[in-house]
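The structure under discussion appears below in the form of structure tokens.
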Amino acid sequence: MEDSEIIQLYVARNESAIEETSRKYRNYCIKIAHNILSNIEDSEECVNDTFLGAWEAIPPKSPAKLSSFLGRITRNIALNKYDYYMAKKRNKKLDTILDELNDCLFSPDNVESQYEEEQMAESISNFLLKINEDHRNIFLRRYWYSDSLAEISARFAISESKTKSVLFRTRKKLQIYLMKEGYIL
């Protein structure tokens, strides 16, 4: 079923929208959640919450790209769950991914910074649109989808060493770009 048809099911409040969404996007969403949580049961729970979130958001929202919309919901739910579990246990894989970005991103957790965070997110999107497509995709696979270096290397048919190099150089370029934009000192 096409995404536009699934969205119409949501708009019509037809419960088969969730079944169709699950049929088409369950594995995609589980992969995103599992990359963050490293636990299949928690990942399944996040995906179920994603479908509920989509049900509650559509309408009034009508996403242009359903996969991105669901991916964002899944990622946010998984990150919230990760934060909740952070006090109890550590996910070394996600900690490593987040540490890699610490050098070029810093954001205090307060209400005043929300506008700046949105502006920085837009700047990062603009930066990603300006770089080589393969480098952009490698960057997104690592820092949006939380793929491992091995998964990225296999996907792009390059060595892990080359993957690390591309990520390092892209992070440095991003850091310089954000400095020029005035987001970091």
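Summary of computed values
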| item | result |
| --- | --- |
| Residue-wise HN-Hα coupling along the stretch 153-158, computed from phi with Karplus coefficients 6.51, -1.76, 1.60 (Hz; x: Gly, Pro) | 4, 5, 4, 9, 6, 10 |
| Contact order normalised by residue count of the stretch 1-91, Cα under 8 Å, 6+ apart, percent | 33 percent |
| Relative contact order [Cα under 8 Å, 6+ residues apart], the chain, whole percent | 20 percent |
| Of all accessible heavy-atom area on the chain, the percent that carbon and sulfur account for (1.4 Å) | 51 percent |
| In degrees, nearest ten, helix 160-181 long axis to first principal axis of the chain (Cα) | 80 degrees |
| Nearest-0.05 FRET efficiency for GLN8 and ASN80, computed from C-beta distance (R0 41 Å) | 0.90 |
| Stretch gain in nm, segment PHE168-TRP144, where the contour uses 0.36 nm per residue and the Cα spacing is subtracted | 7.1 nm |
| Modelled FRET efficiency - R0 25 Å, ILE158 with GLU100, Cβ distances, 0.05 increments | 0.90 |
| In nm, spacing of pseudo-spin labels at ASN132 and SER62 (7 Å Cα→C-beta vector) | 4.0 nm |
| Placed amide H near ILE184: partners under 5 Å, 5+ positions off or other chain | MET179 |
| Amide proton proximity set for ASP147, modelled H, under 5 Å, gap of 5+ | ARG142 |
| Rg and Dmax [Cα atoms of the chain; Å; Rg one decimal, Dmax integer] | 17.7, 51 |
| Between 0 and 90°, nearest 10: helix 133-143 axis offset from the chain longest Cα axis | 80 degrees |
| Nearest 10 degrees, 0 to 90: helix 40-57 Cα axis against the chain principal axis | 70 degrees |
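The values are calculated or read from the model by the stated rules, or taken from the named source; none is laboratory data. Fair warning: this is a prediction, and the values are worked out from it, not measured in the lab. Ideal geometry is used to build each Cβ from the backbone, glycine not excepted, and the neighbour counts take in all protein chains shown. Accessible surface is based on the protein model in full, side chains and every heavy atom, while ligands, DNA and RNA are left aside. Shrake-Rupley method; radii C 1.70, N 1.55, O 1.52, S 1.80 Å.
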